[in-house]
Amino acid sequence: MEGTANTSAGESVIECQGLTKVFGNIEAVSGTDFSLRRGECFGLLGPNGAGKSTVIRIIYGATPRTGGSLRVLGYDPAIDARAIKKHLGVVTQNNALDEDMALRDNMLMYARCVGIARRDRAGRVDELLDSLSLAHRATARIRQLSGGMQRRVVFVRALLRRPRLLILDEPTTGLDPAVRLHLWERVRALKADGSSILLTTHYMDEAERLCDRIVIMDRGRIRAEGSPRALIERHCPGTIAVFPPDPGLRRRVAQVADATPEFTWFEDRAGVNVRGPDLRSVEEFLFKRGLVPLMLRPSNLEDVFLEITGRELGDDA
Amino acid sequence: MLETLQLAWRVTMRHWDVYRQNLIANMSPTISDPVFIILALGIGLGAYVSDMDGRTYLMYLAPGLAISTALWTAFFETSYGFFIRHTYEHVYEAMLTTPIGPHEIILGEFIWVALKGAGMSLVVTLVLLIFQVGAWPLAWVLPFVAAMVAISCGAIGFISSSFVRNINQFQTVYAFLINPLFFFSGIFFPLDQTPIAIRSICYISPLFHGVRIGQAALWNEDLVATLLHHGPLLVGLTAILVPAAWLRIHPKLYR
Ligand SMILES: Nc1ncnc2c1ncn2[C@@H]1O[C@H](COP(=O)(O)OP(=O)(O)O)[C@@H](O)[C@H]1O
Ligand SMILES: [Mg+2]
């Protein structure tokens, strides 16, 4: 592969400061700072319309930024997008596949687009089709493939050039659990091989499992940053007791939780929830008052996410 | 610069890869439309039209329709085709993740349209020549003229793509711009007898100039004089339309 990107400036693969993007009168990204270190899996989380895909498109030079400074693999994407894209693989949010083409032909076409020499194309494509368990459908037209298979095809496309930076924009949205597991394994393997990864997802368990560090975005701004554990510790530590969505229960739970500083309550789809410092104290607190929850669980990244971005539906949801 | 061309060529090749999946089906209307118009009008209507500046009506129609394939193929590629690839199929979104950039996409589109226009008119011209409609010696000029017409008409398609808000609005462009362009470019009747207003408008139609050159070539008469007259106008119009299209469409791909 031609050229080696210069990442001498620290060990940051992506370094962005004060990144902004305005579309007409919508400020999609408003002053975002973050950096992605080499070999790291970095999660960009946020509700629909938070600006994740826009940040991603700016990173590989498919969208011009309005303001801020940005280095990707040592280059400025507004100037040297081509240099960046030689080392990049992107799983786009839309599959953007040529649905009427046969799978293998479509990948050969992209192998040409990314500049793999003619004699190496077939070998590389077949190797990837094999490793993503798609080889048996190589001659099928893309529209005949299931959603999970199409998503794997997009992975094949992203991996053609052995990317140093892999960008995954909602890679597993709408996929069944088996396919998700399969793709997680691939992502872990790529990371082990030294790729740096930028991931967006709406699945908090996915982020919790794959990401070393996370930022949570909302309406174009970063609201929180840290490792999944640190975010939980900082924003939403403790244990949560879940009650069924019953108005009478809700009143009682609210009453007792509001009266005690270290306990809080909130409502969501599942019902009424009480959060306290740890399992033991929550249990004691509730049982003493004759309140028996459906279950007790440790708080997780989803609680952090909802705490930060709010439980109401946003404009773009 | 070389790398830009190389990357643009990959866009062109992508379109060819997709196009040849259904080669016969895709080519059929582009080839059959002009051939059957030529046959139906030329033989049918031609029976009532005895003399078109000293040639049969069949012979009169032939070069213009061969060139007009470039208009149709180019306009459809850069209007409906571009819109579908851009909005529904997200083709460019995928391309932009590769080293290909927005300028290379536009360049690749123009190369594709030029080659497709040239190829289509070449096939139609060959069909005509085989049926002895037209003269061989200068017929090789037609694909080159068609490529130029395709580039300029492709630019018109791109410009319309940059204005429409949904795919249905292309119908208006088709009805009030492309259709008159087709019928008033000297394909069906000489423009000499038309009112001066119509003739002046024709002078800003790239198709008209392409048709005139094509006619001189296929009729095998005063090609040099025609080229000197209409060649610079065709090139000049293209040189205005292409940058205009570029400026309009680039922000669609990079915004
Ligand atoms: N090309 C565009 N033109 C205008 N607005 C856009 C464009 N792309 C994105 N937006 C707007 O920018 C905001 C962020 O969008 P996006 O980055 O796609 O969010 P996410 O990926 O987090 O769901 C949204 O309000 C969206 O409507
Ligand atoms: Mg998105």
Provide a single number: the residues in the stretch B:209-255 that are within 14 Å of chain A (Cβ to nearest Cβ) and of a type outside the set (Phe, Trp, Tyr). 5
If we scan the stretch B:73-81, do we find a residue that is modelled with pLDDT of 95 or more and surrounded by fewer than 19 Cβ atoms within 10 Å (Cβ to Cβ)? yes
Restricting to the stretch A:57-84, give me the number of residues that are away from ligand 1 (no atom under 16 Å from the Cβ), within 11 Å of chain B (Cβ to nearest Cβ) and open to solvent by 10 Å² or more (accessible area, probe 1.4 Å). 5
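Only one residue in B:Ile156, B:Ile187, B:Ile201, B:Ile213 is among the β-branched types (Val, Ile, Thr) and surrounded by fewer than 24 Cβ atoms within 10 Å (Cβ to Cβ). Which one? Before the answer, list the steps.
Working: B:Ile156 fails: surrounded by fewer than 24 Cβ atoms within 10 Å (Cβ to Cβ); B:Ile187 fails: surrounded by fewer than 24 Cβ atoms within 10 Å (Cβ to Cβ); B:Ile213 fails: surrounded by fewer than 24 Cβ atoms within 10 Å (Cβ to Cβ).
Matching residue, one of B:Ile156, B:Ile187, B:Ile201, B:Ile213: B:Ile201.
Sort out which residues of the stretch A:96-108 are facing chain B (nearest Cβ under 8 Å), under 16 Å from A:Ala140 (Cβ atoms) and either within 26 Å of the chain's Cα centre (by Cα) or buried (at least 21 other Cβ atoms within 10 Å of the Cβ) (or both), and write them in order of number.
Filtering the stretch A:96-108 for residues facing chain B (nearest Cβ under 8 Å) gives A:96-101, A:105.
Among the residues that remain, those that are also under 16 Å from A:Ala140 (Cβ atoms) are: A:97-101, A:105.
Across the stretch A:96-108, the qualifying residues are A:Leu97, A:Asp98, A:Glu99.
Taking the options A:Arg311, A:Arg297, A:Arg234, A:Arg275, name whichever one is closer than 17 Å to A:Met204 by Cα, assigned to a strand (DSSP E or B) and away from ligand 1 (no atom under 16 Å from the Cβ). Reasoning before the result, please.
Working: A:Arg311 fails: assigned to a strand (DSSP E or B); A:Arg234 fails: assigned to a strand (DSSP E or B); A:Arg275 fails: closer than 17 Å to A:Met204 by Cα.
Exactly one residue qualifies, and that residue is A:Arg297.
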Candidate set from the stretch A:35-90 (those that are of a type in the set (S, T, N, Q) and part of a strand (DSSP E or B)); member that is nearest to ligand 2 (Cβ to nearest atom): A:Ser35
Looking at the stretch B:92-115, which of the residues that are free of Cβ contacts under 8 Å to residues at least 60 places away in the same chain and under 26 Å from B:Met148 (Cα atoms) is farthest from the other protein chains (Cβ to nearest Cβ)? B:Ala114
Hey, can you tell me all the residues within the stretch A:43-56 that are surrounded by fewer than 23 Cβ atoms within 10 Å (Cβ to Cβ), away from every other protein chain (no Cβ under 14 Å) and modelled with pLDDT of 95 or more? none
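I want to confirm something. Restricting to the stretch A:17-26 and keeping residues that are more than 8 Å from ligand 1 (Cβ to nearest atom) and at pLDDT 95 or above, which single residue is surrounded by the most Cβ atoms within 10 Å (Cβ to Cβ)? Before the answer, list the steps.
The initial filter retains those residues of the stretch A:17-26 that are more than 8 Å from ligand 1 (Cβ to nearest atom), namely A:17-20, A:22, A:25.
Filter once more, so that each one left must be at pLDDT 95 or above: A:17-20, A:22.
Numbers: A:Gln17: 13, A:Gly18: 14, A:Leu19: 24, A:Thr20: 17, A:Val22: 14.
Restricting to residues being more than 8 Å from ligand 1 (Cβ to nearest atom) and at pLDDT 95 or above, the top hit is A:Leu19.
The values are calculated or read from the model by the stated rules, or taken from the named source; none is laboratory data. What you see is a predicted model; the values in this text were computed from it and never measured. Ideal geometry is used to build each Cβ from the backbone, glycine not excepted, and the neighbour counts take in all protein chains shown. Heavy atoms of the whole protein, side chains included, go into the accessibility calculation; ligands, DNA and RNA do not. Shrake-Rupley method; radii C 1.70, N 1.55, O 1.52, S 1.80 Å.
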